[in-house]
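The values are calculated or read from the model by the stated rules, or taken from the named source; none is laboratory data. Values in this document were obtained by computation on a predicted structure and should not be read as measured data. Counting neighbours? That spans all protein chains shown, and the Cβs are built from the backbone with ideal geometry, glycine included.
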Amino acid sequence: MIEITALASGSKGNCYRVTDGHTPLLLECGINYREIQKGLNFQMSDVAGCLVTHEHGDHCKSVKDVLKAGIDCYMSAGTAREIKLKHHRIKEVQAKKSFRIGTWTILPFDVQHDVSEPLGFLLVNEAGEKLLFATDTYYIKYRFLGLTHIMVECNYSLEILNKKIEDGSTPTFMKKRLLKSHFSLENVKEFLKATDLSKVQEIWLLHLSDSNSDEELFKREVMELTGKVVYIP
């Protein structure tokens, strides 16, 4: 049974622990290492690996400490290059080429963000449960069957963003960047409409913007659309 724990989510840092009861993993390490240790009750030796989506600090801030702790970190060649670290525990992976960590089979896939070579990950355990993890992308071009857990960025609402631009509280240039780098509520809903949700047990909305989101609105609209349990860390 998949269990998800959010240690941090948002522009200040992202880090999640997922386990199928056999193999615990970190998804991202974008907060202080001490906070990761606390969040895992200092059981770092239990962690079988860390998946890193891209090189922005709010996703990989503590990668050096995680490597030092003896935990393999999996990322694209482009991300590894941008992080500028050489370490035998950095494992370069490729989009659409699966690999294994313990009881997980993991399929990386390409996403759309303003960085070198960002990835999302599909994690499948031996019980057949499927977890989709996609953050910092404005679009997901792939379709997934039989998902049981969805962890997806829902950074901003276009309606809220436009209102903030109109009243001058958000600069116009921010809209251009957000449209080509982050997942809006509107696009998340379109993605969910096009996704097989028949087996989905829970949906996690991640990485909400501090200024251009509305937690209650996002949760309510996605619950109404999907009929699923929705969590916002």
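Number of residues in segment 165-188 that are without any contact (Cβ under 8 Å) to a residue 60 or more places away in the chain, in a helix (DSSP H, G or I) and surrounded by fewer than 17 Cβ atoms within 10 Å (Cβ to Cβ): the value is 8. The set of residues in segment 163-177 being on the phi < 0 side of the Ramachandran plot and either of a type outside the set (D, E, K, R) or in contact with a strand residue (DSSP E or B) (Cβ under 8 Å, 6 or more places away or on another chain) (or both) consists of Ile165, Ser169, Thr170, Pro171, Thr172, Phe173, Met174.
Of all residue pairs spaced 6 or more apart or on separate chains, those with beta-carbon atoms under 6 Å, a first member in segment 203-215 that is on the phi > 0 side of the Ramachandran plot and a second member that is part of a strand (DSSP E or B) are His207/Glu153. Filtered by the rule that a residue be aliphatic (A, V, I, L, M), part of a loop (DSSP other than H, G, I, E, B) and surrounded by 21 or more Cβ atoms within 10 Å (Cβ to Cβ), segment 193-221 gives a lone residue, Leu208.
Under the condition of being within 20 Å of Tyr156 (Cα to Cα) and either charged (D, E, K, R) or at pLDDT 95 or above (or both), the residues counted in segment 1-29 number 7. Within the span defined as segment 40-52, one or more residues are part of a loop (DSSP other than H, G, I, E, B), closer than 18 Å to Leu123 by Cβ, touching a residue at least 40 places away in the same chain (Cβ under 8 Å) and in contact with a strand residue (DSSP E or B) (Cβ under 8 Å, 6 or more places away or on another chain). Within segment 102-117, residues that are under 10 Å from Thr137 (Cα atoms) and touching a residue at least 60 places away in the same chain (Cβ under 8 Å) have Cβ atoms under 8 Å from residues that are crowded, with 17+ Cβ neighbours inside 10 Å and aromatic (Phe, Trp, Tyr) in these pairs: Gln112/Tyr138; His113/Tyr138, counting only partners at least 6 apart in sequence or on another chain.
Scanning segment 21-35 for residues being over 27 Å from Ala127 (Cα atoms) and touching a His at 6+ places or on another chain (Cβ under 8 Å) gives a total of 1.
Here Asn125 clears all of (1) surrounded by fewer than 19 Cβ atoms within 10 Å (Cβ to Cβ); (2) of a type in the set (S, T, N, Q); (3) out of contact with any helix residue (DSSP H, G or I) (no Cβ under 9 Å at 6 or more places or on another chain) except the condition numbered (1). Those strands (runs of 3 or more DSSP E) of segment 105-155 in which 1 or more residues are of a type in the set (Val, Ile, Thr) and over 23 Å from Lys189 (Cβ atoms) occupy 119-125. For segment 50-66, filtering for residues that are more than 13 Å from Tyr16 (Cβ to Cβ) and either modelled with pLDDT of 95 or more or among the β-branched types (Val, Ile, Thr) (or both) leaves 7. Scanning segment 56-96 for residues that are closer than 25 Å to Lys38 by Cβ and in a helix (DSSP H, G or I) returns Gly57, Asp58, His59, Cys60, Val63, Lys64, Asp65, Val66, Leu67, Lys68, Ile83.
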